[in-house]
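Written out below as structure tokens is the structure these notes cover.
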Amino acid sequence: MERDYLILTNNPLVVRCLEKWYDIAYEDVGYRDVLVKARDLVYLGHTLYTHPLSGSVKPNETPYKSVVVSKVPHTFSPEQAEIMSNAVMAFDKFTPRNRVLTDKLREDFQLIDYTLLCGGIDFDAVAGLSMLQQP
Amino acid sequence: MKLELGFIEISDIQFSKECKVENGTLFVNPDEVKAFVFQDDDVKACLKDACFDIAKPGESVRITPVKDVIEPRVKVEGPGGEFPGVIAKVDTVGSGKTHVLRGMAVVTAGKIVGFQEGIIDMSGPGAEYTPFSKLLNLVMVCEPVDGLKQHEYEHAVRIAGLRAATFVGELGRNVEPNETKVFETYGIKEGMQKYPDLPRVAYVHMLQSQGLLHDTYVYGVDAKRTLTTIINPTETMDGAIISGNCVSACDKNTTYHHQNNPVVADLFEQHGKSLLYVCNIITNENVYLADKQRSSDWTAKLCRLLDLDGVIVSQEGFGNPDTDLIMNTKKIELQGVKTTIITDEYAGQDGKSQSLADADPLADAVVTGGNANEVIILPKMDKVIGMLDYVDKIAGGHAGSLRPDGTIEAELQVITGATNEMGFNRLSAR
């Protein structure tokens, strides 16, 4: 059966590791923008497959977020719509920080978001990384 | 299942040529501990070095970035051994007799990812927020080989910490305990016959299981891959559940928390008096929504099957787990079983925002472990065990967190165990 997953993300590592296998809507936007995009699709009836606040890295620490929704609308779910609107509200209560992120730190945050996503879609995160390292 | 814990009070730790516990003092040779730790192939392959230090309550010492805290224990009678499925063989634990080196811990430190691992201050205002400032800590700082991936580093430090704790625990094998306590739970029918009039209560213990670097292991099995199931509370006292996660420090359930779970302790305290403590139900906190549905359905089903009257539910982490917490609570209540939940709060620095990322009217009995967004200033310490170069990047820290004078301004999130969601801390609210 064809996978019904559409990965919404602003994490370049997700694209590099998963683009061969999954439909990915990548945009170079902020964490909140990814949440809003997911929320709007869920409002339109797309199924939410992974929790928008996955990981205990707080929304104002990591710039990266990936959320999986269905490729096409199915049946509107009020529970899932509530999860999404709560996630946006949860994001807004964290105090913004104007932190300078080093490349190493960006890599760590990308890795965390990627591994959490893999846990959600049952993809072998380590295998994905190993394939990346091959020439 | 019946377990006897023999507590050996440790009142001092000293480095020494010989390894032994004598008159309450742990004498330890760091080279011997290291040799035992490095017998493991994964540790050998992943770690360049491990350095040991001792931190005592009241000292001007800061330990960071903390990975895990582990209490040394040793099985002296009965089946199995400590940390089954990981260090000891996978035999079922939780019965027989176990010796506990009380008043001390093995603390592992290492910068696995550039954030999240926490701070333990041994004195000053920060010390008030972490239970581990009251312990004698044998700290092991683990240095990775060059080019090691974060998840390999986490695995190696996890195993290294458990091995160090196993080595130290073994030193208590032939020591006469200062105090002995017996913990016993009964079979379903046996418990009902023994205490027919007491309410039947269980503990729904939610395990962090969101993915690589966010995991918990039960008898060596990644909790992400498990169905909701039943475990005897005494099994957790023998290290059946271990921490493998890097969630923010304040509400990380370390291995020490699992070994000394305060919900288990308090339920045993009331067991046979005001309630009948039936069992623990362990369930996960996966990212995939269908997993959440399956796991919470099973939690509610088991509560009904066990004919429970009430449960206590604890979670680990923030955001995603809030949804599991509410799904569990709602479904259990709908089975006619009363719930009380334990959580912490992310209510903003002013404490005025919605505390959880999810809610339901049926979740109307809540105990809080405090507001993790609360801002705190930590004074400079004379000595740092580990490294401070990541302080401004750990959860709750921010740019400028580490000031030029050595003080740290950050949210409570940075402190290991500050808002623990098992209630193993001193913060709460009425």
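A compact table of results
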item	result
Gyration tensor verdict on the range B:83-175 (Cα atoms; rounded if a/c is under 1.5, prolate if a/b is larger than b/c, oblate otherwise)	oblate
Lys/Arg +1, Asp/Glu -1 at C-beta; the range A:20-135 dipole; positive extreme among A:Ser77, A:Gly120, A:Gly30	A:Gly30
Value at 222 nm in deg cm²/dmol, rounded to 500, when DSSP H runs of n ≥ 4 in chain A each add -39,500 (n - 2.57)	-14500 deg cm²/dmol
Taking the C-alpha atoms of the protein assembly as shown, convex hull volume expressed per residue in Å³	149 Å³
Simple spin-label estimate for B:Glu32 and A:Gln133 in nanometres, 7 Å along Cα-Cβ	3.7 nm
Span-rule helices in chain B, defined as complete DSSP H runs reaching 20 Å or more along the axis (Cα) with Kyte mean at least -1.0	B:150-170, B:289-305, B:320-334
Accessible surface of the range B:2-414 [probe 1.4 Å, protein heavy atoms]: carbon and sulfur percent	49 percent
Loop-located chymotrypsin sites (Phe, Trp or Tyr not before Pro) in the range A:49-95, at most 14 other Cβ atoms within 10 Å (DSSP)	A:Phe76
Gyration tensor verdict on the range A:5-133 (Cα atoms; rounded if a/c is under 1.5, prolate if a/b is larger than b/c, oblate otherwise)	oblate
Part-to-part distance (alpha-carbon centres) for the range B:63-121 and the range B:318-339, which is given in Å	29 Å
FRET efficiency, B:Arg225 to B:Lys189 (Cβ-Cβ, R0 30 Å, nearest 0.05)	0.45
Sequence-distant lysines (8 or more away, or on other chains) whose Cα lies within less than 26 Å of B:Lys48	A:Lys104, B:Lys17, B:Lys34, B:Lys67, B:Lys111, B:Lys149, B:Lys383, B:Lys393
Ratio of Rg to Rh over the range B:217-354 (Cα coordinates, Kirkwood Rh, two decimals)	0.95
Check: chain B dipole with +1 on Lys, Arg Cβ and -1 on Asp, Glu Cβ, in debye	580 debye
Distance in nm between pseudo-label sites at B:Asp297 and B:Thr407 (7 Å out along the Cβ direction from Cα)	5.5 nm
Net dipole in debye of chain A [+1 Lys, Arg Cβ; -1 Asp, Glu Cβ; about Cα centre; nearest 20]	340 debye
Size descriptor, Kirkwood hydrodynamic radius, that averages inverse alpha-carbon separations across the range B:1-45, Å	12.6 Å
Cross-link table B:Lys301/B:Lys338; B:Lys75/B:Lys181; B:Lys97/B:Lys134; A:Lys37/A:Lys71; B:Lys2/B:Lys194; B:Lys273/B:Lys301, entries beyond 18 Å C-alpha to C-alpha	B:Lys97/B:Lys134; B:Lys273/B:Lys301
Where Rh is the Kirkwood radius over Cα pairs, Rg/Rh for the range B:282-430	1.07
Electrostatic dipole magnitude of the protein assembly as shown [Cβ: Lys, Arg +1; Asp, Glu -1; Cα centre; debye, to 20]	280 debye
Rg and Dmax of the range B:1-100, Cα atoms only, in Å	15.8, 43
Calculated [θ] (222 nm, deg cm²/dmol) that DSSP helices of n ≥ 4 give over chain B, each run adding -39,500 (n - 2.57)	-6500 deg cm²/dmol
Probe 1.4 Å, all protein chains present, accessible-area order of B:Asp215, A:Asp92, largest first	A:Asp92, B:Asp215
Per-bin percent of Cα-Cα distances, the range B:119-234 [5 Å]	2, 7, 10, 11, 15, 18, 16, 10, 6, 3, 1, 0, 0
Three-way shape call for the range B:2-414 based on the alpha-carbon gyration tensor, with the a/c threshold at 1.5	oblate
Size of the A/B contact, given as accessible area buried on both chains, probe 1.4 Å, in Å²	3400 Å²
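The values are calculated or read from the model by the stated rules, or taken from the named source; none is laboratory data. Note that this is a predicted model, so its numbers are computed, not measured. In this analysis, Cβ positions are derived from the backbone assuming ideal geometry, glycine residues included, and neighbour counts consider all displayed protein chains. These area figures cover heavy atoms from the full protein model, side chains too; ligands, DNA and RNA do not enter into them. Shrake-Rupley method; radii C 1.70, N 1.55, O 1.52, S 1.80 Å.
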